[in-house]
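First the structure, in the form of structure tokens, and then the observations on it.
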Amino acid sequence: MTNQARFTIASLLEGKSALVQITPVAADGSRPGSAGPGLHGSKGLGLEIENIAALPDAEDHALHEFYRANFTPSEIAYCIKQPAVKAAFQGLHAAKRAIIKSGAASDSPDGPGSVEIGFDEEGRPTYPGCLLSISDTGTIAAAVCFWRGALDWPPAPPASGAEAVRPQMRTFPLKTRILAFLVLLSLLLLFALGLWKMIELWR
């Protein structure tokens with residue numbers, strides 16, 4: 001598994017985002033064949049950490065240019081109903097960036113505005129094919145996206161050389177194995193009796 005992380009406490013206080021990319025590796029050590037459509041070809045897991053104070057103030061979020069460009073009407077309606085409005089917006093913004101970094105969505109010219117996050121009956125964030133988690137400390141919002149589609153590994157290449165001609169082990173049913181054992185045991189007993197008779201004749 002490979003990791004990339006670039007952030008410091010100072011950068012977080014300045015409102016800069018953190019980037020963490022984890023590329024899954026198959027059991028045989030190989031990586032997925034093609035890079036995902038997300039940021040820097042990352043695939044699998046996206047993490048975003050943002051400063052809540054970096055968001056612009058707005059009297060009407062539905063009319064503000066920044067919020068209209070980065071959030072859908074349903075997302076704006078959800079956030080303005082939350083006790084901490086700015087934290088809700090920054091949490092969703094971080095989740096959108098995490099989704100893009102995971103490879104589950106493409107990094108289009110529209111930016112996070114092209115990714116729409118839904119909510120289940122309990123108010124938890126959802127996005128197709130992803131597991132999302134959003135949290136905040138009051139000053140910093142963080143979001144993690146795990147894209148389950150990154151687990152679809154490409155098919156293994158065809159075997160070559162000695163591996164191609166190597167016979168595969170075959171498992172027989174339990175009854176067949178018991179019967180084979182009894183036959184082998186009978187042969188051993190017959191061999192032992194025959195050997196004992198030969199010894200008796202030689203005496």
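Bear in mind that the values in this text are calculations on the coordinates, not laboratory data. None of these values were measured; they are calculated from a predicted model. Cβ sites come from the backbone with ideal geometry, for glycine too, and all protein chains shown count toward neighbours.
Taking the fewest neighbouring Cβ atoms within 10 Å as the starting point, the ordered list for 114, 102, 135 is 135, 114, 102. Of interest is the spacing of the C-alpha centroids, which for region 42-90 and region 172-197 amounts to 77 Å.
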